[in-house]
Amino acid sequence: MRPQSQRSPASAARHSRYFVLSGALAISLVVGVVTTVTSAPATAQPTTTAAQGTPQLNLPRVRLTAGMHLIDAQVARTPDQQATGLMFRQDMPINEGMLFVFDQPRQQCFWMKNTLIPLTAAFVDDDGTIVNLADMQPLSTASHCSTRPVRYVLEMNQGWFARKGLKAGFRLGGEPFTIRR
């Protein structure tokens, strides 16, 4: 699974389906402010992992909580890590997932290109509150977006949240979800 920025049909024709330049980057370059990019630009080379078609398994991890349930989440912070996401994974342990961390809240959109396992994405506010959930099918380029700007997206095996009775409005716990001041 990888983030997919929203774009117009004309813009889509100019961008690779593999990497999309965030509109925020173009704006920040004009005003001279450096911001992070949610995915790599179309001209960027794929990561070694993505180029080889192998999953990334050695990202830093964070322990999250969902009530009494523990989640072992890999953390994708860089554009390359986010672009690769959970692509090429054949399976994933039941309480494992991937937390995508973005520098600024914005509408986040994800697709499943080269992702082999069905996933549920939880779009999460800064305080850990689930904004909305989206079930996503393997190998699909259908876009799944947050209903409002968020900084975090947590991907788990499809159905994990439903089996635990977790819905929009539920608050996840863990170090990333501290209130920023």
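Looking at the range 144-156, is at least one residue of a type in the set (Ser, Thr, Tyr) and farther than 22 Å from Thr78 by Cα?
Checking the range 144-156: at least one residue is of a type in the set (Ser, Thr, Tyr) and farther than 22 Å from Thr78 by Cα.
Of the conditions (1) open to solvent by 40 Å² or more (accessible area, probe 1.4 Å); (2) at pLDDT below 95, Thr49 satisfies every one except a single condition; which number is it?
Result: Thr49 passes all but (1).
Quick one: which residue in Ala134, Ala122 is small (Gly, Ala, Ser) and in contact (Cβ under 8 Å) with a residue 40 or more places away in the chain? Even if it seems obvious, please write down each step before you answer.
Numbers: Ala134 fails: in contact (Cβ under 8 Å) with a residue 40 or more places away in the chain.
Checking each option against the conditions leaves just Ala122.
Which residues, taken from the range 164-173, are open to solvent by 70 Å² or more (accessible area, probe 1.4 Å) and within 13 Å of Met68 (Cα to Cα)?
Initial filter on the range 164-173 (open to solvent by 70 Å² or more (accessible area, probe 1.4 Å)): 167, 171.
Once the filter is applied, which keeps residues that are open to solvent by 70 Å² or more (accessible area, probe 1.4 Å) and within 13 Å of Met68 (Cα to Cα), the range 164-173 yields only Arg171.
The values are calculated or read from the model by the stated rules, or taken from the named source; none is laboratory data. The structure displayed is predicted, hence computed values, not measured ones. So basically every Cβ, Gly included, is an ideal-geometry build from the backbone, and we count neighbours across all protein chains shown. Just so you know, the surface numbers come from the protein's heavy atoms only, side chains and all, with ligands and any DNA or RNA stripped out. Shrake-Rupley method; radii C 1.70, N 1.55, O 1.52, S 1.80 Å.
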